[in-house]
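The values are calculated or read from the model by the stated rules, or taken from the named source; none is laboratory data. A quick note: this is a predicted structure, and the numbers were derived from the prediction, not measured. FYI the Cβ positions are ideal-geometry reconstructions off the backbone, even for glycines, and counts take in every protein chain you see.
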Amino acid sequence: MVCNSILIIRSSNSEKQKVSQIIQGKSDVQIGKYGLSETIYSHILKLLKKQEFMKIKFLPSYDSNNFDSDIGKLTQTTKSRLIDKRGRTIVIQKLPRKRY
């Protein structure tokens, strides 16, 4: 289940500035009426390899009946965490790799 509140990032000011710039900037991915497909997941994974934070916008044509569960599935599949959720727009962060 996804929490509707904003997660507080416990890190440096530079990371907080990056997040605020991403929130104010353009979205990296837009999801429309076809929803979350394998193509979208692979595209998000490809972009997360290049950048730590990503802004995803769900267009009005997206079926939002299971919006929170879809966000949970998205973060679980892409191994990321939800940083911010405002309406139909979310910001996710790539989880660090576990080193053993």
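Figures for the structure shown
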read-out	value
Selected residue (only one of ILE44, ILE40, ILE83 is in contact with a strand residue (DSSP E or B) (Cβ under 7 Å, 6 or more places away or on another chain), under 20 Å from GLU15 (Cα atoms) and surrounded by 13 or more Cβ atoms within 10 Å (Cβ to Cβ))	ILE83
Members of the range 48-79 that are buried (at least 16 other Cβ atoms within 10 Å of the Cβ) and not acidic (Asp, Glu)	LEU48, PHE53, MET54, LYS55, ILE56, LYS57, PHE58, TYR62, ILE71, LEU74, THR75, THR78
Residue in the range 19-26 that is at pLDDT 90 or above and either surrounded by 15 or more Cβ atoms within 10 Å (Cβ to Cβ) or of a type outside the set (Asp, Glu) (or both) present	yes
Every residue from the range 27-53 that is within 13 Å of the chain's Cα centre (by Cα), more than 11 Å from VAL91 (Cα to Cα) and assigned to a loop (DSSP other than H, G, I, E, B)	LEU36, GLN51
Residue match in the range 7-18 (condition: surrounded by 11 or more Cβ atoms within 10 Å (Cβ to Cβ), on the phi < 0 side of the Ramachandran plot and either at pLDDT 90 or above or in contact with a Phe, Trp or Tyr (Cβ under 8 Å, 6 or more places away or on another chain) (or both))	yes
Flag if ASP84 is outside any loop (DSSP other than H, G, I, E, B) and among the acidic types (Asp, Glu)	yes
Filter result (in contact (Cβ under 8 Å) with a residue 24 or more places away in the chain, over 20 Å from HIS43 (Cβ atoms) and in a loop (DSSP other than H, G, I, E, B)) within the range 63-81	SER64
